[in-house]
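The values are calculated or read from the model by the stated rules, or taken from the named source; none is laboratory data. Since the model is a prediction, treat every value here as computed from it, not as a measurement. With ideal geometry, Cβ positions are generated from the backbone for all residues, glycine too; neighbour counts draw on all protein chains shown.
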Amino acid sequence: MLLDNKVAIITGGASGIGRSTANLFAEHGAKVVIGDIDEIGGMQTVNEINKHSGNGIFVKTDVSKMSEVKTLVEKTIDVFGKIDILHSNAAINPKVNALETTEQIWDDTVDIGLKATWMLAYNSIPFMTQQGSGVIVITGSVHSIRGYAYNTPYQAAKGGVLALTRSLAADYAPTIRVNAILPGAIETPLWEKLGITPEEAKKSANMCPLKRNGQPEEVAQAALFLASDMSSYMTGSEVIVDGGLTSIIQQH
Ligand SMILES: NC(=O)c1ccc[n+]([C@@H]2O[C@H](COP(=O)([O-])OP(=O)(O)OC[C@H]3O[C@@H](n4cnc5c(N)ncnc54)[C@H](O)[C@@H]3O)[C@@H](O)[C@H]2O)c1
């Protein structure tokens, strides 16, 4: 029970990595607030959480909107009285290069993937400061540190969240710890949305030394580590969960 009596907000918790993390946090005793635009998926996660702890709620939230982020944080305080853990995890990933990127695609991707993390921090940090403690866990990507074709706005957002992680860590230490997780290729519903074929998934698996794609539960374990006192001497850092993908130049 690494998160006994802790209160956690998880954005993007209606699916994939966020849902697995919500379940794992709840198994470890946390009260979990899911912020997501997907109401059906969000309620499904809450039902799963409530089987473990009876302490999950869903707040329909478009994380790219300041007013909705503010409501998410205020609702968390209203219902549970505090925020111990903020996990900024929602993102979208349009597969476009710079010339295929419209202004709308750029704004949506960067607002959901980067600006939202600042807005979540902006609204949560005053409560964390007041209570004298808090942990922020931000989902980046291997795209935060490596290039890849057809990912222009996503990579800009993911590079930005890693820089933001360091900035928040510097400003709010020692009260608040802020760290990032950089997942590699993780099999989640995002892959269906991107139209990734079984052949492409196999190719992706062969690109990393562990020769398989990751599962959302394997990223959730890193989130649990960073959200708990297990990582008490870490801030401004990143944990890479990528099967070794970024540790090599080329895999045969
Ligand atoms: N799956 C991967 O291979 C992979 C790799 C690296 C990083 N990541 C990152 O992990 C995180 C989770 O990705 P996933 O694979 O679980 O994806 P997913 O598509 O399964 O889940 C993303 C969730 O974000 C929500 N969301 C989208 N726009 C939103 C908005 N405006 N407001 C609120 N919620 C919104 C979706 O409804 C969904 O529930 C993302 O930050 C993603 O960039 C994923």
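Does any residue of region 8-18 turn out to be modelled with pLDDT of 95 or more and more than 14 Å from the ligand (Cβ to nearest atom)? Give the derivation first.
Taking region 8-18 and keeping what is modelled with pLDDT of 95 or more, we get 8-18.
Next, from what is left, pick out any that are more than 14 Å from the ligand (Cβ to nearest atom): 8.
The answer is yes, given that some residue of region 8-18 is modelled with pLDDT of 95 or more and more than 14 Å from the ligand (Cβ to nearest atom).
For Tyr148, the conditions (1) within 16 Å of the ligand (Cβ to nearest atom); (2) more than 16 Å from the chain's Cα centre (by Cα); (3) modelled with pLDDT of 95 or more are fulfilled apart from (3).
Scan region 172-193 for residues that are among the aliphatic types (A, V, I, L, M), more than 9 Å from the ligand (Cβ to nearest atom) and in contact with a helix residue (DSSP H, G or I) (Cβ under 9 Å, 6 or more places away or on another chain) and report the count.
Keep residues of region 172-193 that are among the aliphatic types (A, V, I, L, M), which gives 173, 176, 178, 180-182, 185-186, 190.
Filter again for more than 9 Å from the ligand (Cβ to nearest atom), leaving 173, 176, 178, 180.
Right, trim to in contact with a helix residue (DSSP H, G or I) (Cβ under 9 Å, 6 or more places away or on another chain) and you get 176, 178, 180.
Total meeting the criteria: 3.
Would you check which residues across region 112-142 are among the hydrophobic types (A, V, I, L, M, F, W, C) and either assigned to a helix (DSSP H, G or I) or surrounded by fewer than 24 Cβ atoms within 10 Å (Cβ to Cβ) (or both) and list them? Even if it seems obvious, please write down each step before you answer.
Restricting attention to region 112-142, the residues satisfying the condition of being among the hydrophobic types (A, V, I, L, M, F, W, C) are 112, 114, 116, 118-121, 125, 127-128, 135-138, 142.
Within region 112-142, Ile112, Leu114, Ala116, Trp118, Met119, Leu120, Ala121, Ile125, Phe127, Met128, Val142 qualify.
Among the residues of region 172-181, write down those that are buried (at least 22 other Cβ atoms within 10 Å of the Cβ) and either under 14 Å from the mean Cα position of the chain (by Cα) or outside any strand (DSSP E or B) (or both).
Initially, region 172-181 is screened for residues buried (at least 22 other Cβ atoms within 10 Å of the Cβ), giving 177-181.
Of everything in region 172-181, those that are buried (at least 22 other Cβ atoms within 10 Å of the Cβ) and either under 14 Å from the mean Cα position of the chain (by Cα) or outside any strand (DSSP E or B) (or both) turn out to be Val178, Asn179, Ala180, Ile181.
Residues of region 30-67 that are free of Cβ contacts under 8 Å to residues at least 24 places away in the same chain, under 18 Å from the mean Cα position of the chain (by Cα) and outside any helix (DSSP H, G or I): Lys65 alone.
Set side by side, the residues Ala205, Ala201, Ala156, Ala169 differ, and just one is away from the ligand (no atom under 13 Å from the Cβ), modelled with pLDDT of 95 or more and either surrounded by fewer than 21 Cβ atoms within 10 Å (Cβ to Cβ) or part of a loop (DSSP other than H, G, I, E, B) (or both), which is Ala169.
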